[in-house]
1. For the chain, report the accessible area per residue in Å² (1.4 Å probe, heavy atoms, rounded to an integer).
2. Compute the distance in nm between two label points, each set 7 Å from the Cα along the Cα-to-Cβ direction, one at Q102 and one at E143.
3. Can you tell me, using C-alpha contacts under 8 Å and at least 6 residues apart, the relative contact order of the chain as a whole percent?
4. Multiply the residue separation of K378 and H116 by 0.36 nm, subtract the distance between their alpha-carbon atoms, and state the gained length in nm to one decimal.
5. With loop defined by DSSP as not H, G, I, E or B, and exposure as at most 16 other Cβ atoms within 10 Å, which is the longest segment of the chain clear of exposed trypsin sites (Lys or Arg not before Pro)?
6. Using a 1.4 Å probe, how large is the accessible area of T114, given in Å² and rounded to the nearest 10?
7. Carbon-plus-sulfur fraction of the accessible area of the chain, 1.4 Å probe, in percent?
8. In whole Hz and in residue order, list the ³J(HN,Hα) couplings for segment 269-281 that follow from phi through the Karplus curve 6.51 cos²θ - 1.76 cosθ + 1.60, θ = phi - 60°; x for Gly and Pro.
Amino acid sequence: RWEIYINIRVCSAYLLLNLLRGFLCFSCACHTAGNMSSVSIPPPKCLLKSLVVPYRHMFGPGPSNVPLRILEAGANPVIGHMHPEIFKIMSDIKSGIQYMFQTQNNMTLAVSGTGHSAMECAIFNAVEPGESVLTAVNGIWGERAAEMTERIGKLPCYSDSFCQSYGLCDHTAISSQALSKHRPVLFFLAHGESSTGVLHPLEGIGQLCHKYNCLFLVDSVASCGGTPLYMDQLEIDILYTGSQKVLNAPPGTAPISFSERACQKILNRRTKPVSFFLDLSWLANYWGCDGKLSRVYHHTGPVTAFYSLRESLAVLVEEGLQNSWERHQEVAEYFHAGLESMGLKLFVKPKEARLPTVTTIVAPHGYDWKEITAYIMKTHNLEISGGLGPSVGLVLRVGLMGCNSSKANVDMVLAALKDALKHCHKSKV
């Protein structure tokens, strides 16, 4: 009996102890929940409303309008960035870029980012500490390239002004003098300078760079797809563009290609590139450009952006590259004639130096360019912009790229400009 009694007492004590523990845990949970419910930052009311984005005619220097077909491609289901289906899409993109660039380079891919990321990818991989870089400053993009180079460290970066009159000049002579003087490992030039509306000739510069053992880097963000460009034929070592201009894809991917000469230098570096994210040895593996059977995780690729980019390249392939070049040139000439018939002046005087994708108009005398662009946006739901960098206050910029490059859209822009000049304030001074 005593043994039974003691066991009952022990069990009762054990049960009471567990009940006490449960009560304490419940009290702690309630206390924690109470603290969590009393958040100091309330839920933002703006996010309780539906997202509303207006439709606009995107006729500035970029981004351009995205056709429904490309938008729908980007709305496909998200799958893994290392799935075989994604690798197939990436392979399609690579083939499309090779066609657009007119290159057979194996090291061809799309950087996960805008054109700035491709610019940094090119510079950060091609240049090591102690080496020098030459940039042709013919607008804001030469300035940006110089800025990026300087951020690598104590690295000599030489900037030579090209075509300050924003017309044609002897690029080969200027390049030869600068290359001979500075002996850089990399020479940067913007093919289509969207801040000034200048199309810079590239003939002979690639060969000249190689004479001085220098890589030739070309920015074609504003030009590629809208004007003739042959990477291999021009001996360009690194060429990049953006998805949001002539390709009419959303911003966020940047096609880029490297010649065998560039790869030899980059993949035999003494030091690691300053950026892990833009390290070409990693990107080459992710894009299947290094010949290895397996791909290693580097970053989470923007798969829906890949869908859109693939579709935009498909649109270009269907039209044909040469047809796209000719259409942009024809529409640009139609636009220029319309502007001149209105009494407006083109910023770039020589016709052969005008970028067919982005037109720069001399800011009309007596008007505030900001008032003109604001009026057109408000009244016509149409975006054009002012200058950028060295052209601020000097020009209005109109971009007609990809699907936006049509005579119907030119007529729309001309009508909007006429209306703005009629209703915006004009100074008598």
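The values are calculated or read from the model by the stated rules, or taken from the named source; none is laboratory data. Computed from a predicted structure; not experimentally measured. FYI the Cβ positions are ideal-geometry reconstructions off the backbone, even for glycines, and counts take in every protein chain you see. What goes into the accessible areas is simple: the full protein's heavy atoms, side chains included, and nothing from ligands, DNA or RNA. Shrake-Rupley method; radii C 1.70, N 1.55, O 1.52, S 1.80 Å.
1. Working: 21200 Å² over 429 residues.
On a per-residue basis, the chain sits at 49 Å².
2. Result for the modelled spin labels: 3.2 nm.
3. Values: 746 pairs, mean separation 92.4, N = 429.
Taking the mean separation of contacting Cα pairs over the length of the chain, I get 22 percent.
4. Working: separation 262, 0.36 × 262 = 94.32 nm, distance 2.99 nm.
Value of the extension gain: 91.3 nm.
5. Working: sites that count: R1, K49, R56, R151, K154, R269, R270, K292, R295, K345, K428.
For trypsin sites (Lys or Arg not before Pro) (loop position, at most 16 other Cβ atoms within 10 Å), the longest site-free span of the chain is 155-268.
6. 60
7. Working: 12430 of 21200 Å².
It is 59 percent, rounded to a whole number.
8. For segment 269-281, the Karplus curve yields 5, 7, 10, 6, x, 5, 10, 6, 4, 9, 5, 5, 5 Hz.
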